[in-house]
Amino acid sequence: MQVKIIGGHGGVTKNYNATSYLIDDALLIDAGSVASGLDIEDQLKIDHILISHAHLDHTKDLAFICDNCFGLKGKPFQVYSHKTVHKAIKDHLFNDTIWPDFSVLPTEKNPTIQFNEIDNEKEIILGDYKVVPVHVQHPGDAYGFIVEKGDVAILFTQDTAATDRIWEVGKKYKNLKAIFTEVSFPNHLQTVADLSDHHSPQTMKEELKKMPKDVPVYLGHLKPNYQEQLIQEITDLGEPRLHIMYADDVRYQFE
Ligand SMILES: [Zn+2]
Ligand SMILES: [Zn+2]
């Protein structure tokens with residue numbers, strides 16, 4: 001399984017893109033930068049889109065991928081999210097004020113985007129992939145995903161503070177090859193991290209103890225304005241299985 005980090009950050013500025021991970025060119029997790037970071041030709045190849053939660057850095061490019069691919073794809077993008085997340089996107093983004101409602105355009109019968117609901121720990125089959133959504137600790141019914149294809153399973157928490165259940169579910173997978181999770185704020189902003197349900201390096205050190213053992217951990221969602229400090233503080237943890245996703249447009253291959 002290949003994971004392309006179109007954007008791996010918890011914010012947007014020059015050379016830093018918001019969260020969008022593309023699996024094998026077909027399955028997208030989060031839409032923070034899928035339109036700005038991929039050619040339209042590659043945007044058209046995406047079939048399924050998992051949305052972890054409604055925050056803008058995970059959803060904003062749904063607006064632009066629909067605008068780019070409108071009328072070109074022949075079938076809708078199938079979006080999978082919790083009903084709370086779907087409602088937030090419908091009410092606040094595709095509401096015909098901020099942006100047109102592409103779930104009824106160009107026609108209700110043949111729209112650009114279609115929404116499907118996920119349930120906690122209920123497996124969904126998306127083409128070649130088995131996906132289990134697991135609730136995590138972040139505002140607005142946020143979900144992580146365990147994605148499995150053949151001999152490879154990968155766990156993505158997306159945004160979360162300290163959580164337990166996704167680690168327990170992850171331990172059931174003997175073929176778990178990687179964990180993608182987040183560290184957003186440096187240690188001195190612990191109060192902000194706590195209030196917004198994110199990790200700092202010091203809380204990640206504790207979180208690691210709960211994770212499935214001996215699996216490499218990729219840390220993303222670094223806030224661009226604190227990236228250098230975060231890299232230093234994560235490096236200072238001295239944990240050899242941690243990999244810092246400081247650059248976007250990077251591919252990881254897992255077999
Ligand atoms: Zn985020
Ligand atoms: Zn968030």
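Just to be sure I understand: if I project the alpha-carbon convex hull of the stretch 113-173 onto a plane and average over all orientations, what area do I get in nm²?
Average projection, Cα convex hull of the stretch 113-173: 4.7 nm².
Suppose R0 equals 30 Å. What FRET efficiency, 1/(1 + (r/R0)^6) with r the Cβ-Cβ distance, do residue 72 and residue 15 give to the nearest 0.05?
The pair residue 72/residue 15 has a calculated efficiency of 0.55.
Taking the stretch 28-129, which GluC sites (Glu not before Pro) meet the DSSP loop condition and have no more than 10 other C-beta atoms within 10 Å?
Filter output for the stretch 28-129: 108.
Which FRET efficiency, nearest 0.05, do residue 90 and residue 174 yield, Cβ-Cβ r, R0 45 Å?
0.70
How big is the dipole moment of the stretch 2-253 about its Cα centre under a simple scheme where the beta carbon of each Lys and Arg is +1, that of each Asp and Glu is -1, and everything else is neutral? Debye, nearest 20, please.
For this selection, approximately 460 debye.
Out of the DSSP beta bridges found with both residues in the chain, what percent are antiparallel (nearest 5)?
For the chain, the DSSP antiparallel bridge percentage is about 55.
Under 20 Å from the 7 Å Cα→Cβ point of residue 56, by amide nitrogen: which residues of the stretch 195-225?
Only 195-198, 221-225 pass the distance filter.
Mind jotting down the three principal axis lengths of the stretch 161-255 based on Cα atoms? Whole angstrom, largest first.
Extents along the principal axes, in whole Å: 37, 29, 22.
What shape does the stretch 98-221 have by the C-alpha gyration tensor, where a ≥ b ≥ c are the square roots of the eigenvalues, rounded means a/c under 1.5, and otherwise prolate means a/b greater than b/c and oblate the rest?
Note, shape of the stretch 98-221 comes out oblate.
Amide H of residue 178: which non-local residues (sequence gap of 5 or more, or other chain) have their own amide H closer than 5 Å, using H built in the peptide plane?
Under 5 Å from the amide H of residue 178 lie the amide H atoms of 155, each far enough along the sequence or on another chain.
Return, ordered by residue number, the residues of the stretch 83-106 whose backbone nitrogen is under 17 Å from a label point located 7 Å along Cα→Cβ of residue 120.
Inside the label zone: 83-86.
Three principal axis extents, largest first, for the C-alpha atoms of the chain, in Å?
54, 38, 30
Quick check: at a probe of 1.4 Å, how many percent of the accessible area of the stretch 1-115 sits on carbon and sulfur atoms?
51
May I ask you to derive the relative contact order of the stretch 2-253, considering only C-alpha pairs under 8 Å and at least 6 residues apart, and to give it as an integer percent?
Worked out over the stretch 2-253, it gives 18 percent.
With every protein chain kept in place and ligands, DNA and RNA left out, what is the accessible area per residue of the stretch 30-102? Probe 1.4 Å, answer in Å².
43
Over 21 Å between Cα atoms: which of 45/87; 45/171; 4/60 fall into that group?
45/87; 45/171
DSSP loop (so not H, G, I, E, B), at most 11 other Cβ within 10 Å: list which trypsin sites (Lys or Arg not before Pro) in the stretch 62-120 pass both filters.
109
Once phi is turned into ³J(HN,Hα) by the Karplus curve 6.51 cos²θ - 1.76 cosθ + 1.60 with θ = phi - 60°, what whole-Hz value does each residue of the stretch 72-83 show in order, with x for glycine and proline?
9, 8, x, 9, x, 5, 9, 9, 10, 7, 5, 4
So how far, in whole Å, is the C-alpha centre of the stretch 178-255 from the one of the stretch 106-138?
So the two Cα centres are separated by 26 Å.
Tell me the mean residue ellipticity at 222 nm calculated for the chain from its helices only (DSSP H runs of n ≥ 4, each -39500 (n - 2.57), averaged over every residue, nearest 500).
Mean residue ellipticity, 222 nm, calculated: -6500 deg cm²/dmol.
Taking loop as defined by DSSP and a crowding limit of 12 other beta carbons within 10 Å, which trypsin sites (Lys or Arg not before Pro) in the stretch 133-201 fit?
Filter output for the stretch 133-201: 172, 174.
The values are calculated or read from the model by the stated rules, or taken from the named source; none is laboratory data. If you're wondering where the values come from, they're calculated on a predicted model, not measured in any experiment. Here Cβ is always computed from backbone atoms with ideal geometry, including for glycine, and neighbour counts include all displayed protein chains. Note: accessible area is taken over every heavy atom of the protein model, side chains too, but ligands, DNA and RNA are not part of it. Shrake-Rupley method; radii C 1.70, N 1.55, O 1.52, S 1.80 Å.
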